[in-house]
Amino acid sequence: MSVAKGLFDGDILNEHLFPYPRLRDKDREVLGMMVDAIDQFLQPRQQDFRRWDRESAQPAEFIQGLRELGLFGLIIPEELGGLGLSNGGYARVLCQTSMHDSSVSLTIGAHSSIGMKGLLLFGTPAQKARYLPRLAGGELIAAFCLTESGAGSDAASIRSSASRNADGSWTLNGEKIWITNGGIAGLYTVFARTESPDGKITAFIVEAAWPGVSHGAHEDKMGIRASSTTTVHFKDVVVPADNVLDAEGKGFKVAMAILNNGRTGLGGGAVGGMKSLIGLATRQALARRQFGRPIAEFGLIRKKLAQMAIDCYAAESAVWMVAHHVDSGYEDYSVEAAISKIFASEAMQRTAHEALQIAAGAGFMRDLPYEQIVRDARILSIFEGTNEVLRLYVAFSGMKEHGKSLGELKTAMDAIFNHPIKGFGVLGEYAEKRLTHATGVGRGKIQVRVPANLADAAAIYEKYTLELAKASDFLLRKHGSAITDRQQEVERLADIAVDLFVGLCVLSRSIALSSMPGGAGEQAVLIARVFAQQAKRRMAMNVRRIMRNEDEEMNRLAGFLLSGEAYPWDVMS
Ligand SMILES: Cc1cc2nc3c(=O)[nH]c(=O)nc-3n(C[C@H](O)[C@H](O)[C@H](O)COP(=O)(O)OP(=O)(O)OC[C@H]3O[C@@H](n4cnc5c(N)ncnc54)[C@H](O)[C@@H]3O)c2cc1C
């Protein structure tokens, strides 16, 4: 049962959203020690991070320090040498490392979130015993090799291939690009097309030391420059039969499961970046005086600071809700994970942009960390699924659930004359759902006790859950299967779903925190109230624009530009 998919059907799955989850006691214990140790190790290296960004390198002795802190074994079970943190505990560690430097988080994150996650999720006991202890200590660092020059978002179109040898082993050939940790990894999770009749993809565990495996030079990037990004080449690499992950032909499923499960790591990192920016920006606003006053007194600066806190709190609420779903063994959390990645990555980019604006000219100079943070944050909406593709994923997955009821309706119509009772049963169920949407009475309700000062916020989410269901119903009926070509319309549904899911997480958390002492509880309620109003304005606009928009004109204009490959107007003409 997916909360986000339920929203497309007009349902609010209360039992999966309330009460807001707490991190497990065992995680808190480990995190208590870990967070201090991370700060002690990373805090004194602020100048080094700036230098390594310019030099585009992370020294080997520094990576050794990460190993000694246990940062490569965060999610590996204790019996195999790791710390056994949950998904939520792991995201909290990446939050802490990101408060100091994004490249550090990326080195750790690419290893755990995606590099060796396949072994954890799909490895056999023998595969786990062989590799996880070495991965836990960082003796082996892991990388995830999916992207190729012709296959980015369309990952299913990869051309790397593996053919089976007579003894059951495989010979792997191909070239992967932009692989994080590519230059320092000892183990790669590699995706290649195997010679099954339908040319399906298979996932392999490949050791960097094997003959035929090599990597290219460190890429010269815009941001996260110290983190290793390289091409990785596989030339006639012989991979033993028992290094296949899961089963032959199941590689695409493996890749998607890894990416879905790993998204909270990226989200946790984004939250850490925002927390650190809020600290920097508040100190800057208090210290900088203009017009005889600290700029912190100006409304336009205060508005930015408040919005940063709202964005950070909202992203944090969504990321740890998703982590809780993963840790609780829910199977269907991919849409929520995509939503948390979309929201957290964009919230971090907004926050970085605004923090730099508060520091203004000083923020533009390389002496201060803002410009590096802005550059580092840019990747967040590109990798682990671009936000465009994730928005399509969110909306199509939600609509698919909804479309099932429409499919059932059609079958019921067909069947009604042949098998009236069965036909009426399904039709009755569908009619009931339509009635629910029309009257607003049904499962789209928040059933927990909501404090009076959050009642308005709760009513907003109830109303727009219904609106989302009606809008998906409307678009599906209007376009049928041609909906896949109506991306601008689909994006609006995704944006409503993002606001609804994130908003419900915020509401749930603020209900839980409302009695916190020292003003924090009161401010948490205030954040939930403001977020709900902001979300309402965005959702209302998206609903309106489903009915009235300029999509056709925009498509025509894009077509015109594409045909000339340039901007044709000039004040001289
Ligand atoms: C620093 C860095 C580190 C990376 N690390 C790794 C790694 O460790 N392992 C790995 O395998 N990969 C890695 N990648 C690759 C990354 O995952 C891809 O860049 C990403 O999946 C997008 O692919 P692309 O860049 O080829 O963009 P494209 O797929 O070419 O997309 C170009 C644009 O078109 C949009 N677009 C694409 N398809 C659609 C569609 N159907 N509808 C609407 N819009 C669409 C995209 O959103 C984007 O805006 C890394 C990339 C970078 C830059």
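Electrostatic bookkeeping for residue 289 treats Lys and Arg as +1 and Asp and Glu as -1; over the other residues with beta carbon under 14 Å from its beta carbon, the sum is +2.
Grouping the Cα pair distances of the stretch 116-222 into 5 Å bins from zero gives a pair-distance distribution of 2, 11, 20, 23, 22, 14, 6, 1, 0, 0 percent in increasing distance order.
Partners of residue 470 within straight-line reach, counting aspartates and glutamates whose Cα lies under 19 Å from its Cα and excluding those fewer than 8 residues away in the same chain: 9, 11, 401, 408, 429, 432, 462, 489, 491, 495, 499. Within a straight-line Cα-Cα reach of under 23 Å, residue 176 can be paired with the following lysines, leaving aside sequence neighbours fewer than 8 residues apart in one chain: 117, 200, 221, 235, 250, 253. Counting neighbouring beta carbons within 10 Å and listing from fewest to most, the residues 244, 506, 571, 319 come out as 571, 244, 506, 319. Other residues with beta-carbon under 13 Å from the beta-carbon of residue 119 carry, at +1 per Lys or Arg and -1 per Asp or Glu, a net charge of +1.
Per-residue ellipticity at 222 nm, computed for the chain from helices alone with -39500 (n - 2.57) per DSSP H run of at least four residues, works out to -19500 deg cm²/dmol.
The lysines within cross-link reach of residue 463, meaning a Cα-to-Cα straight distance under 26 Å and a gap of 8 or more places when in the same chain, are 5, 341, 400, 404, 433, 445, 478, 536.
Across the chain, the convex hull enclosing all Cα atoms gives 205 Å³ per residue.
Arranged from fewest to most other beta-carbon atoms within 10 Å of their beta carbon, 170, 52 become 52, 170.
Other residues with beta-carbon under 15 Å from the beta-carbon of residue 57 carry, at +1 per Lys or Arg and -1 per Asp or Glu, a net charge of -1. Taking other Cβ atoms within 10 Å as a rough exposure proxy, 572, 116 sort from fewest to most as 572, 116. Within the stretch 253-388, all pairs of alpha-carbon atoms sorted by distance into 10 Å bins from zero give the percentages 13, 39, 27, 14, 6, 1, 0.
Throughout, read-outs are computed from the coordinates displayed, never taken from laboratory work. Because the structure is a prediction, the values reported are computed rather than measured. Glycine also receives a Cβ, built like all others from the backbone with ideal geometry; neighbour counts cover every protein chain displayed.
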